[in-house]
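Report on one structure; see the data block that follows.
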Amino acid sequence: MNQPSADATASMVGDSVITLDTLSVPQINELLNKARYIESHRRQVARTCEGRVLATLFYEPSTRTRLSFETAMLRLGGQVIGFAGAQLASVSKGESIADTIKTVSTYADCIALRHPKEGAALVASRAAVNAATGDRVPVINAGDGGHMHPTQTLADLATIDQRFGRLTNLTVGLCGDLTFGRTVHSLIETLCRFGNIRFVLISPEELRTPRYVVNRIEASPTCSYEETTDLAAVIGQLDVLYMTRVQKERFFNEDDYLRLRDTYILDEAKLSHARPDMAVLHPLPRVNEIAVDVDDDPRAAYFQQVRNGMLMRMALESSVLGDELPGYEPLGDDGNDDHDDTEE
Amino acid sequence: MEVTSIQNGIIIDHVPAGTALKVLHYLHIDPAATKLALIMNADSQQYGTKDIIKIEGENHVDLEALGLIARQATVDVVEGGVIVAKKHPKLPHRVVNIIRCVNPRCVTTTERGIDQLFHLVDDGGNGKPEYRCDYCDEEAKF
């Protein structure tokens, strides 16, 4: 009799997810597979997390991400508590992150944390223990300043996988703010683990990819990169074009922000030089870097990306809680697709 | 100026020239409360110039903290006026509460009661090692 395949995400129960570096490639593949399953088995999974409570602690505004985390839990049959905005939280009275988390850990089964300070999610994960039971309460990083945003990267991966059926053998262009764009860094670092990716890094001189991220590409035996300032010159080579917003909040000097904001604007004219099956991704919200007329182009994948974000959060929340999706067949060892996970 | 030999203590030799005070700071040695001699910018056959720190009455030094800032230094342990042991600093893989993160957006700038934690990313060969903050991944400046 065949043994059921091992679920690579089984070992994630109770674990916090602060960065994707702590997830193996098989675990990421398993999460992608779970998200696909959830998409096609909405009714079956609707009570997966019944009785569970997710706390969404958002110390800075991010409507899209918060609603995505909350909808994910509600669609799994769980419930949601939380706050949005530091002025509403005890932090306005001077409470530390650790104390807030220790308190919430006695109420909730899982915490999604968004915080403007880099490293806040790591602090939270170390404090997240239910004082009554001694159990660890998983913390999912919903963005810590300009540092990490792992669930955004999961949404990016799901969208690329959905469009191409693979996460390798692709030419991936990343365009805009490659200095401060955390989603870009995380996507590059994660794709490097799958391998066989050619990156085209498109940015103004002032917003080039940091050296430590480029080092990661160079350390991969199968990945390569080129840097350019000219989007039009390279758009025809790309399978994926990942656009980013120049984020005002990352600049200390408003003049620099205004000067660099409009460097790249993707419109139908530029898109006419791209391949017919290229996928345009964007972590959203956009300002003006993608013209609205691109939205109707079949290559626009950014709203699909939003949906995939919710599905991946459903996969992640159920996995860290250890709630099995009814009827789900794990990928098991087959989840270890061709990849270049040299850090494992 | 007369600097007498120490009887029981340590001699930290081959300290990079001009950094002796910084070394004391990293080693949490208070020069106002310790019997010590600093020799700065002394001639060195190996490095051209060097600093030397002699500490009376101290027989322990944090070799990992010393390795962070003066990896080429040597530590002579002196007992009864005689060098009885020679130690070499180790490059630490983890640095706890010795240096502070310089990133103004790092959580360590606001959260109370947490350790300043860094991890070694690149030992730098014979050059300067690279450490990054555990929390925000900012490169350590020291």
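The values are calculated or read from the model by the stated rules, or taken from the named source; none is laboratory data. Just so you know, these numbers come straight off a predicted model, no measurement behind them. All Cβ positions, even for glycine, are placed from backbone atoms using ideal geometry, and neighbour counts span all protein chains on display. Surface accessibility is based on the protein's heavy atoms, side chains included, excluding ligands, DNA and RNA. Shrake-Rupley method; radii C 1.70, N 1.55, O 1.52, S 1.80 Å.
State which residue is least open to solvent (accessible area, probe 1.4 Å) when the search covers only region B:127-140 and only residues that are within 14 Å of another protein chain (Cβ to nearest Cβ) and farther than 25 Å from A:Val17 by Cβ.
B:Ala140
Looking at A:Gln247, is it within 28 Å of B:Glu139 (Cα to Cα) and open to solvent by less than 70 Å² (accessible area, probe 1.4 Å)?
It is true that A:Gln247 is within 28 Å of B:Glu139 (Cα to Cα) and open to solvent by less than 70 Å² (accessible area, probe 1.4 Å).
Report, ordered by the first and then the second residue, all pairs with beta carbons closer than 7 Å, sequence separation of six or more or different chains, a first member in region A:208-225 that is within 11 Å of another protein chain (Cβ to nearest Cβ) and in contact (Cβ under 8 Å) with a residue 24 or more places away in the chain, and a second member that is among the hydroxyl-bearing types (Ser, Thr, Tyr) and buried (at least 17 other Cβ atoms within 10 Å of the Cβ).
Pairs found: A:Pro210/A:Thr179.
Can you go through B:Ala33, B:Ala42 and tell me which one is hydrophobic (A, V, I, L, M, F, W, C), surrounded by fewer than 16 Cβ atoms within 10 Å (Cβ to Cβ) and part of a loop (DSSP other than H, G, I, E, B)? Steps first, answer last, please.
Details: B:Ala42 fails: part of a loop (DSSP other than H, G, I, E, B).
Sole residue among the options that is hydrophobic (A, V, I, L, M, F, W, C), surrounded by fewer than 16 Cβ atoms within 10 Å (Cβ to Cβ) and part of a loop (DSSP other than H, G, I, E, B): B:Ala33.
Would you be able to tell me the number of residues in region B:94-109 that are more than 7 Å from chain A (Cβ to nearest Cβ) and either among the charged types (D, E, K, R) or assigned to a loop (DSSP other than H, G, I, E, B) (or both)?
So the answer is 8.
For region A:28-59, enumerate the residues that are of a type in the set (A, V, I, L, M) and over 23 Å from A:Ile101 (Cα atoms).
Matches in region A:28-59: A:Ile28, A:Leu31, A:Leu32, A:Ala35, A:Ile38, A:Val45, A:Ala46.
Go through region A:199-229 and give me each residue that's in a strand (DSSP E or B) and either surrounded by fewer than 21 Cβ atoms within 10 Å (Cβ to Cβ) or of a type in the set (Val, Ile, Thr) (or both).
A:Val200, A:Ile202, A:Ser224, A:Tyr225, A:Glu226, A:Glu227, A:Thr228, listed by residue number.
Since B:Gly124 meets every condition but one in (1) part of a loop (DSSP other than H, G, I, E, B); (2) within 21 Å of A:Ala219 (Cβ to Cβ); (3) at the interface with chain A (Cβ under 9 Å from one of its Cβ atoms), which condition does it not meet?
Here B:Gly124 meets the rest and fails (3).
Answer yes or no: is there a residue in region A:86-104 that is outside any helix (DSSP H, G or I), within 14 Å of another protein chain (Cβ to nearest Cβ), acidic (Asp, Glu) and free of Cβ contacts under 8 Å to residues at least 12 places away in the same chain.
yes
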